[in-house]
Amino acid sequence: AQSVTQLGSHVSVSEGALVLLRCNYSSSVPPYLFWYVQYPNQGLQLLLKYTSAATLVKGINGFEAEFKKSETSFHLTKPSAHMSDAAEYFCAVTRALGNQGGKLIFGQGTELSVKP
Amino acid sequence: EAGVAQSPRYKIIEKRQSVAFWCNPISGHATLYWYQQILGQGPKLLIQFQNNGVVDDSQLPKDRFSAERLKGVDSTLKIQPAKLEDSAVYLCASSLGGATNEKLFFGSGTQLSVL
């Protein structure tokens, strides 16, 4: 069964520093993987998704993630953190529902804090 | 483009009371999802509709939770009777067709507190 594990429930970085949020997946078939972001009092929005076209995926707001099959990882990075990046980040994998598409399974989330 | 609309934004009830949440998805989106997000956890799928049919409700506590999507557009999620452990944010999301690699659009959620 597909699942994701996010390492670290809270990450704190200084403004301008590298952001690295870790996600490992478990899947018996090639997975579809996603990163969603949730700003305070808002719904989740898609940052980026991996659908097997390219292992390095670029998303919005300068974020990117690399799919590494050998490590079963899909870590999210950003070279330089901004104060506006402070939010909760969720890694997710799709579990297929036969011929009726799939359902999204979320990790437990990582809260990113950015210090001035 | 209008987003996913949810109401109410907040709800406080006592245990054993009933409560209902409403969701209006993005126009033209065939697939609608209800997620439960307990504080400190990731969202958990409760039920997924494709038009007005249920695709997956394996994690819906059917003894107390019910959901419907009449005419394949709006949806309501009901809890009766509520328990303390139902305190959570209830998120509604929609997508165009429900394909495995499709982007979901989320509403801002309804925050439920059960006292």
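Here are the numbers:
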{"quantity": "Span from the the stretch B:69-104 Cα centroid across to the the stretch B:1-30 one, whole angstrom", "calculated": "8 Å"}
{"quantity": "Bins of 5 Å, starting at 0 and running to the largest distance - Cα pair percent for chain B", "calculated": "2, 13, 24, 26, 19, 10, 4, 1"}
{"quantity": "Sequence-separation-based contact order of chain A, relative, with Cα cut under 8 Å and 6+ spacing, percent", "calculated": "37 percent"}
{"quantity": "Net charge of neighbours whose Cβ lies under 13 Å from the Cβ of B:Ser113, counting Lys and Arg as +1 and Asp and Glu as -1", "calculated": "+1"}
{"quantity": "Summed side-chain charge close to B:Glu85 - residues other than B:Glu85 whose Cβ falls under 15 Å, Lys, Arg +1, Asp, Glu -1", "calculated": "+2"}
{"quantity": "Within-13-Å neighbourhood charge of A:Thr5 [Cβ basis; K, R +1; D, E -1]", "calculated": "0"}
{"quantity": "Shielding by partners - mean other protein chain Cβ count within 10 Å, residues of B:101-110", "calculated": "6"}
{"quantity": "Amide proton proximity set for A:Leu48, modelled H, under 5 Å, gap of 5+", "calculated": "A:Trp35"}
{"quantity": "Per residue Cα convex hull volume in Å³ - calculated over chain A", "calculated": "101 Å³"}
{"quantity": "Residue-averaged beta-carbon neighbours from other chains (10 angstrom radius) around A:34-46", "calculated": "5"}
{"quantity": "Modelled label reach - B:Ile12, point 7 Å along Cα→Cβ, the stretch B:87-115 residues with backbone N closer than 13 Å", "calculated": "B:112-115"}
{"quantity": "In Hz, Karplus ³J(HN,Hα) per residue of the stretch A:25-41 (6.51, -1.76, 1.60; θ = phi - 60°; x = Gly, Pro)", "calculated": "10, 10, 7, 8, 10, x, x, 9, 10, 9, 10, 10, 10, 10, 7, x, 6"}
{"quantity": "Under 23 Å from the Cα of B:Lys83 - lysines, other chains or at least 8 residues apart", "calculated": "B:Lys11, B:Lys15, B:Lys44, B:Lys62"}
{"quantity": "Coil-residue GluC sites (Glu not before Pro) of the stretch A:36-79, DSSP, other Cβ within 10 Å capped at 11", "calculated": "A:Glu71"}
{"quantity": "Computed over the stretch A:47-88: relative contact order in percent, which uses C-alpha pairs under 8 Å that are six or more apart", "calculated": "26 percent"}
{"quantity": "Chain B: antiparallel DSSP beta bridges as a percent of all, rounded to 5", "calculated": "90 percent"}
{"quantity": "Proximal lysines relative to A:Lys115, as straight alpha-carbon distance under 22 Å, when same-chain residues fewer than 8 apart are discounted", "calculated": "A:Lys78"}
{"quantity": "Amide H contacts under 5 Å for B:Thr100, placed H, 5+ residues apart", "calculated": "A:Gly102"}
{"quantity": "Size of charge dipole - chain A - debye, nearest 20, with Cβ of Lys, Arg +1 and Asp, Glu -1, no other charges", "calculated": "300 debye"}
{"quantity": "Gaussian network model of chain A, Cα within-10 Å springs - most flexible of A:Asn24, A:Asn61, A:Asn41", "calculated": "A:Asn41"}
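Quick note: the coordinates plus some simple rules give every number you see, no bench work behind them. This structure is a prediction, so every number in the text was calculated from the model and none was measured. FYI the Cβ positions are ideal-geometry reconstructions off the backbone, even for glycines, and counts take in every protein chain you see.
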